[in-house]
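Inspection log for the structure reproduced underneath, given as structure tokens.
The values are calculated or read from the model by the stated rules, or taken from the named source; none is laboratory data. Small disclaimer: the values here were computed from a predicted structure and weren't measured. Reconstructed Cβ throughout: ideal geometry from the backbone, glycine too, with neighbour counts over all protein chains shown. The area values use the complete protein model at the heavy-atom level, side chains included, leaving out ligands, DNA and RNA. Shrake-Rupley method; radii C 1.70, N 1.55, O 1.52, S 1.80 Å.
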Amino acid sequence: MTRRSKPPSTAGRPKDPAKYAAILNAAKQLFIEKGYGASSMAAIAAAAGVSKLTLYSHFADKDALFTTAVKCKCEEQLPPVFFQFSEDTPIRQALLTIGLGFYNLVNSEEALALHRLIIAQASQNPRVSQLFYDAGPRRVLDAMEQLLQAAHGSRQLDVPQPRAAAEHFLSMIKGGHNLRLLAGIGEPPDVQIARQHVEDVVDLFMRAFSAR
């Protein structure tokens, strides 16, 4: 069973939204370009155009900043509202929305670059890999599991093992496209091809887990 460690706490409501956004943008750029270890808080503050005091007033440490940067990147394409189950919304439509958001997330240039970086540095700094997993993939997987559990409870789906089903769904959405892009092979599929892929996965998932 996969260990679910608790991610480090992040700052609450930002004191200055503009500086908060500048810090996050600078952090994401430096983490991708230089890696976690080589991106100091001083360098991030300089790139964001803020003082170190301002930086630390928003984020307690670099772990908190990295975690928030990954979490915010995920929520750009997969806001929490996507996973809020409603019996008034057909489950197929909910799966399509999540599938398209997840597909666009994992195949975005930022996500691909960060994924490559994490893989390259995994053996030297497994703690950062854990931070990345907890802040990004695990959060999405947890939310997907909860949605499927709710759909099972309302009898919209028959999903006795929602965790495993969530992993199957997200893995199928990534498909072969994501692996090729991670390897630097080819170009991202156009919008029509991407949507058709997601619809095919959702239809397959519905056939496997439709309520009987």
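Inspect the range 163-179 for any residue being part of a loop (DSSP other than H, G, I, E, B), open to solvent by 50 Å² or more (accessible area, probe 1.4 Å) and without any contact (Cβ under 8 Å) to a residue 40 or more places away in the chain and give the result as yes or no.
No, the range 163-179 has no match at all.
In the range 36-130, which helices (runs of 4 or more DSSP H) lie fully inside it and hold 2 or more residues that are over 29 Å from Asp16 (Cα atoms)?
By residue number, 91-106, 109-121.
Among Leu105, Leu100, which is open to solvent by less than 30 Å² (accessible area, probe 1.4 Å) and under 30 Å from Ala151 (Cβ atoms)?
Answer to the selection: Leu105.
Within the range 132-162, count every residue that is open to solvent by 50 Å² or more (accessible area, probe 1.4 Å) and in a helix (DSSP H, G or I).
Counting residues in the range 132-162 that are open to solvent by 50 Å² or more (accessible area, probe 1.4 Å) and in a helix (DSSP H, G or I) gives 7.
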